[in-house]
Amino acid sequence: MKQAEDKKTIDLLESEAPRRGRPPKADALTGAERAKKFRDAHRGEVKAVTITVTEKAFKELQRTEQSRTLALASAHAEIRILTAKLAEKEAEIDALKSRRRSTK
């Protein structure tokens with residue numbers, strides 16, 4: 001049987017016990033709101049990723065990168081050559097136009 005001086009029984013305690021610790025602020029964010037704010041703030045960041053590659057795969061990647069670099073360099077050289085030829089042809093056209101004007 002419960003006694004009146006027994007303050008440890010659950011029936012005699014107040015139904016709403018005071019919360020422990022610091023009281024929350026009125027404008028405090030909930031956990032879900034805080035998580036959403038964090039995700040939105042970090043959405044555009046680049047994440048560092050570590051990839052383990054075997055030596056064989058690494059050498060293959062190097063060969064592929066070298067061939068791409070060489071192809072790009074040759075494409076740039078071809079563009080320079082074609083640009084020079086175009087400039088020559090434009091100079092010839094200008095010379096012919098000026099010759100035509102002078103003969104008229």
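Quick note: the coordinates plus some simple rules give every number you see, no bench work behind them. All figures in this text were calculated on a predicted structure; none of them were measured in a lab. Methodologically, a virtual Cβ is constructed for each residue, glycine included, from the backbone with ideal geometry; neighbour enumeration extends over all protein chains shown.
For the reader, a short list of remarks on this structure follows.
- At an R0 of 25 angstrom, the distance between the Cβ atoms of ARG19 and HIS42 translates into a FRET efficiency of 0.20.
- Applied to the range 56-66, the Karplus parametrisation 6.51 cos²θ - 1.76 cosθ + 1.60 on θ = phi - 60° returns per-residue 3J(HN,Hα) values of 5, 5, 5, 5, 5, 5, 5, 4, 4, 5, 5 Hz, with x for Gly and Pro.
- Here the extension length gained between THR50 and GLU78 equals 6.3 nm, from 0.36 nm per residue of separation less the Cα-Cα distance.
- Vicinal HN-Hα couplings computed from phi for the range 36-48 (Karplus, 6.51 cos²θ - 1.76 cosθ + 1.60; Hz; Gly/Pro x): 5, 4, 5, 4, 5, 5, 9, 5, x, 6, 8, 9, 6
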